[in-house]
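The values are calculated or read from the model by the stated rules, or taken from the named source; none is laboratory data. What you are looking at is a predicted structure, and each value in this text was computed from that prediction instead of being measured. Glycine gets a Cβ as well: all are built from the backbone with ideal geometry, and neighbour counts include every protein chain shown. Calculation scope for accessible area: heavy atoms of the full protein, side chains included, ligands and nucleic acids excluded. Shrake-Rupley method; radii C 1.70, N 1.55, O 1.52, S 1.80 Å.
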Amino acid sequence: MSGTVQTIFSLYELSMAIGKSLNYKANCDHFMKVFLSRKMLKAGWIVQIQNKNVRLRYAIPAPYKPKEEVTIKYIQEFLDQDKPVCVAVDEQISNVCPVPVSGGYIIAFPMANQSVLFVHSPKKEAWADAELRQLDPVIRKFGMSLLASSDFEEQKRLLKRLERNNKDLNDYAHVVSHDLKSPLRNIHSLVQWIQEDLEGDQPDQAVVHMPHIYSSLEKMDGLIAGILRYSKLRETSQANAARVNLNELIDEVLTLVQRQDAIKIEVAPLPEIRADRLRMSQLFQNLIDNALAAMRSTGDRIEIGYKDLGNFYEFHVKDNGPGIAMAHQEKVFQVFQKLDADSTKSGIGLAIVSRIVEDHGGQLRLESEEGQGAAFYFTHPK
Amino acid sequence: MIFTNPNPKEIAAAMQQEATPDSLFVVMVAENTGADIDEFMAALNETSCQYIGGLFPKLIFDNALIDQGVVVTRLQGLQKIHIARGLAEGNYNLEKHPVALGSDYCVFTLVDGLASGISGFLSELYRSYGSEIRYFGGGAGSLSLQQAPCLFSREGFLQDAAIYCLLNQSTHLGVKHGWEKLGGPFVATKTTANVVEEINWRPAFEVYREVVEADYGASFDSQPFFDIAKGYPFGMVREGTECVVRDPIAVNDDGHLICVGEVPENTFLDVLKGKNQELIAAAEQAAMIAADQAKQPAAALVIDCISRVLFLDDNFQEEVQAVTKALQQKGVQPTMRGALTLGEISSFGDGFIEFFNKTTVVGLFE
């Protein structure tokens, strides 16, 4: 077959692999699989300059180096050239690549949205200018489809936030109409009884009701404090995101929580992540508090660890406490839902955790069987 | 080890005798053996051996084709055995290896060769273990092409799954098929996973039969589909290397071609044709490529496609002998063991991991 026909078919195949999904990762996966397979490439990754930071948006295979090591200057030079460039792999380039590369060439394709697609070809021959020129419009089209994916995901995120805010409003209404009303009714009854006791000249009897009034007031105070705490939970934004050393952060959290010495907390070495530090601190504190609340005896243990799942991490906080029955598992993530009658608990801890995880683009789940302990897992994009 | 009349306890005892802490035993069972896999697993689970296994249409031991029996090979440097369940749905998360691995590591994998989603699984495997290590493996399953449990390990007897093991062992691979272009290029304009519905915007079978019948000299109406199609697979073109073969095994009532392995939509396809001597020479070449890289291999494993047997028929024995001879000539000592599979898996640092059909993959483990 002539080279020209092969080139036309190859460009057609690549063009048709663009935009198969509105999900950013799925869009990349589909295109990059075809690109890597047909062109005999070993790796590909996309970096974007965003808010004066370099953000690694995608990589196959999964990245190893922290994204900060990919310098802005290095990326900006490729963007400024505004055309594809093929450069031999040397020590300097291999140091800034997020996946291991040895030998061959790196080809950089500038794309829309301050992004650059890099691929690694292990072949000994450099790519010809003609090949780069032919691929340039295809890769730019791919870049535009990624822009559409980003916009779609942002729209989805905003919609989800709106839905959550609406749900929060409903929850507040429920708290005011039901949860706050219940202690208020108690107080009303107790005051009536006190009045009756005083009218009946029985002050000793009236005094008996006072602790119950204080208890109801404390409950109301706790609920109102909880509402305020949850409503003040600020939205996590890229502007608040920074590198967070999770082991240091958890050490700090452990100084804040109250626990018996008999309860062991084992923390595995954790990775550095990009996140809102204050929110991550709240997240771990709530999960650890939640686990500690369930534990009482010697031999009780909490484990904190993670798995690297390629494009994201999955963290866990596991305990060997009494566990949570299947029937209650959905309920625990709802605001002001408590599984016991302990008036000192606000019932918002896990709702806060859920919100922080979602704000960082992750997902929270619970695995538990009654009597077998509970494990909370949450994902966090790299 | 070969067991022509397998007794699970005898096999378990033999494995236990050879076991070391980092050994992985690959237990290959020919489907016609009629073995009770549960009984097998019960016996193997009583040992301290780490093992994985599969049911395959046929096996290879030395230069012989085995229709009934069990062949066991021991690989070294086992780090961990993993299972991915639910390939069709893709509901699995493969843990990324915490540090970048080099060419002295290999992932050996067995997949349910009739599962859909194999390509997605292999992409995730590549994502998890990186581009520098070696990948080697094949598809288990029955020649009847009926999907059923076909993989086993201590985790159970599995279907729609993959078992993969990380080995700290240098592995040298040779991959060749020898099929050559007959017609094309075409574009698979409509596909769903492993079903090619349209080629060049026409019903796939209509286009395929025009090319094939012109060469074969007889109509598909006169013979069962696969009797002709086994000699005319598709090739998915890759630049600067052999194409990836896709085997059309059946045509459905809508004129869609059902292949082993996925064909992405808009893939650029050729129709291929095989000649006995070229296929045998390609298998021999695969053995030589692997042997040229190896110094003192401790194990030799061949993963060869069952449809090469169906095409080469009695001449397949020549292919096995050619591979064995090539390895011996290059001074490879270990006896060659292997399986005839439903799809072959390989990547050796030259590009993305692929699921092949009608291909010979020779692996030498040092």
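Where strands (runs of 3 or more DSSP E) fall wholly inside region B:162-274, the ranges with 1 or more residues that are of a type in the set (S, T, N, Q) and within 13 Å of another protein chain (Cβ to nearest Cβ) are B:190-192, B:267-273. Criterion first (more than 21 Å from B:PHE25 (Cβ to Cβ), away from chain A (no Cβ under 14 Å) and not basic (Lys, Arg)) does B:LEU143 satisfy it? Here the answer is yes, as B:LEU143 does meet what is asked. Between B:GLU124, B:GLU132, the distinction of being farther than 21 Å from B:MET28 by Cα and in a loop (DSSP other than H, G, I, E, B) belongs to B:GLU132 only.
Restricting attention to region B:77-122, which residues are open to solvent by less than 20 Å² (accessible area, probe 1.4 Å), within 14 Å of chain A (Cβ to nearest Cβ) and of a type in the set (Val, Ile, Thr)? Matches in region B:77-122: B:VAL107, B:ILE118.
Considering each of A:ASN53, A:ASN27 in turn, give the residue that is of a type in the set (S, T, N, Q) and under 21 Å from A:VAL138 (Cα atoms).
Working: A:ASN53 fails: under 21 Å from A:VAL138 (Cα atoms).
Only one candidate passes the filter, namely A:ASN27.
Criterion applied to B:GLU278, B:GLU319 was being in a helix (DSSP H, G or I), more than 14 Å from chain A (Cβ to nearest Cβ) and without any contact (Cβ under 8 Å) to a residue 60 or more places away in the chain, and the one residue passing it is B:GLU319. Could you tell me whether any residue of region B:88-103 is part of a strand (DSSP E or B), at pLDDT 85 or above and of a type in the set (A, V, I, L, M, F, W, C)? Looking for residues that are part of a strand (DSSP E or B), at pLDDT 85 or above and of a type in the set (A, V, I, L, M, F, W, C), one finds none in region B:88-103, hence no. B:TYR208 meets each of the listed conditions (1) surrounded by fewer than 22 Cβ atoms within 10 Å (Cβ to Cβ); (2) more than 22 Å from B:ALA282 (Cα to Cα); (3) not charged (D, E, K, R); (4) not assigned by TED's automatic domain parsing to the domain that holds B:LEU301 apart from (1). Would you mind stating whether B:LEU65 is closer than 22 Å to B:ARG154 by Cβ, part of a strand (DSSP E or B), open to solvent by 10 Å² or more (accessible area, probe 1.4 Å) and of a type outside the set (D, E, K, R)? Answer is no for this residue.
Filtering region A:39-55 to residues that are within 14 Å of another protein chain (Cβ to nearest Cβ) and either over 22 Å from B:ASN266 (Cβ atoms) or open to solvent by 20 Å² or more (accessible area, probe 1.4 Å) (or both) leaves A:LYS42, A:ALA43, A:TRP45. For region A:271-278, the count of residues that are in a helix (DSSP H, G or I) and assigned by TED's automatic domain parsing to the domain that holds A:GLY362 is at least one. Report, by residue number, each residue of region A:268-315 that is farther than 20 Å from A:LEU256 by Cα, open to solvent by less than 40 Å² (accessible area, probe 1.4 Å) and not polar (S, T, N, Q). Passing the criteria: A:PRO271, A:ILE273, A:ALA275, A:ASP308, A:LEU309, A:GLY310, A:TYR313, A:GLU314, A:PHE315. Can B:THR359 be described as outside the structural domain of B:LEU75 (by TED's automatic domain parsing) and either buried (at least 19 other Cβ atoms within 10 Å of the Cβ) or among the small types (Gly, Ala, Ser) (or both)? Here the answer is no, as B:THR359 does not meet what is asked.
The condition of being open to solvent by 20 Å² or more (accessible area, probe 1.4 Å) and in a loop (DSSP other than H, G, I, E, B) holds for A:SER21.
Would you check which residues across region A:35-56 are outside any strand (DSSP E or B) and over 22 Å from B:SER123 (Cβ atoms) and list them? Answer for region A:35-56, where residues must be outside any strand (DSSP E or B) and over 22 Å from B:SER123 (Cβ atoms): A:ASN51, A:LYS52. Give all pairs with beta carbons closer than 6 Å in which a residue from region A:22-38 that is within 11 Å of chain B (Cβ to nearest Cβ) and closer than 12 Å to A:ILE60 by Cβ meets a residue that is among the basic types (Lys, Arg) and surrounded by fewer than 23 Cβ atoms within 10 Å (Cβ to Cβ); count only pairs at least 6 apart in sequence or on separate chains. Between residues of region A:22-38 that are within 11 Å of chain B (Cβ to nearest Cβ) and closer than 12 Å to A:ILE60 by Cβ and residues that are among the basic types (Lys, Arg) and surrounded by fewer than 23 Cβ atoms within 10 Å (Cβ to Cβ), the close pairs are A:HIS30/A:LYS20. Of the numbered conditions (1) away from every other protein chain (no Cβ under 11 Å); (2) buried (at least 19 other Cβ atoms within 10 Å of the Cβ); (3) in contact with a helix residue (DSSP H, G or I) (Cβ under 9 Å, 6 or more places away or on another chain), A:ILE60 fails exactly one; give the number of that condition. Looking at each condition in turn, A:ILE60 falls short on (1). Would you mention how many residues in region A:341-369 are assigned to a loop (DSSP other than H, G, I, E, B) and modelled with pLDDT of 80 or more? Qualifying residue count, region A:341-369: 5.
Within region B:348-366, can you find the residues that are more than 19 Å from B:PRO297 (Cα to Cα) and in a strand (DSSP E or B)? Those that are more than 19 Å from B:PRO297 (Cα to Cα) and in a strand (DSSP E or B): B:GLU354, B:PHE355, B:PHE356.
One line per residue, one yes/no per condition, for (1) over 17 Å from A:VAL34 (Cβ atoms); (2) in contact with a Cys (Cβ under 7 Å, 6 or more places away or on another chain); (3) open to solvent by 60 Å² or more (accessible area, probe 1.4 Å); (4) touching a residue at least 24 places away in the same chain (Cβ under 8 Å):
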residue: A:ASN113; (1), (2), (3), (4): yes, no, yes, yes
residue: A:LEU117; (1), (2), (3), (4): no, no, no, yes
residue: A:PRO122; (1), (2), (3), (4): yes, no, no, yes
residue: A:ALA128; (1), (2), (3), (4): yes, no, no, no
residue: A:GLY143; (1), (2), (3), (4): no, no, no, yes
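The residues on offer are A:ILE302, A:ILE288, A:ILE324, and the sole one that is in contact with a strand residue (DSSP E or B) (Cβ under 8 Å, 6 or more places away or on another chain), in a strand (DSSP E or B) and in the same structural domain as A:ALA262 (by TED's automatic domain parsing) is A:ILE302. Within region B:243-251, not a single residue is modelled with pLDDT under 90 and of a type in the set (Gly, Ala, Ser).
The conditions of being within 14 Å of another protein chain (Cβ to nearest Cβ) and open to solvent by less than 10 Å² (accessible area, probe 1.4 Å) are not met by B:LEU151. Every condition in (1) within 21 Å of A:ALA351 (Cβ to Cβ); (2) surrounded by fewer than 18 Cβ atoms within 10 Å (Cβ to Cβ); (3) within 14 Å of the chain's Cα centre (by Cα) is met by A:GLU330 except one, and the failing one is (3). The condition of being closer than 27 Å to B:GLU95 by Cα and not acidic (Asp, Glu) holds for only one of A:ALA327, A:ALA293, A:ALA241, A:ALA262, that being A:ALA241.
Count of region B:128-173 residues, restricted to those that are more than 27 Å from A:ALA62 (Cα to Cα) and free of Cβ contacts under 8 Å to residues at least 40 places away in the same chain, is 4. Take the residues of region A:278-315 that are among the basic types (Lys, Arg) and within 30 Å of A:ILE60 (Cβ to Cβ): which is nearest to the other protein chains (Cβ to nearest Cβ)? The qualifying residue nearest to the other protein chains (Cβ to nearest Cβ) is A:LYS307. The condition of being touching a helix residue (DSSP H, G or I) at 6+ places or on another chain (Cβ under 7 Å) and at pLDDT 90 or above holds for only one of A:PHE378, A:PHE315, A:PHE336, that being A:PHE378.
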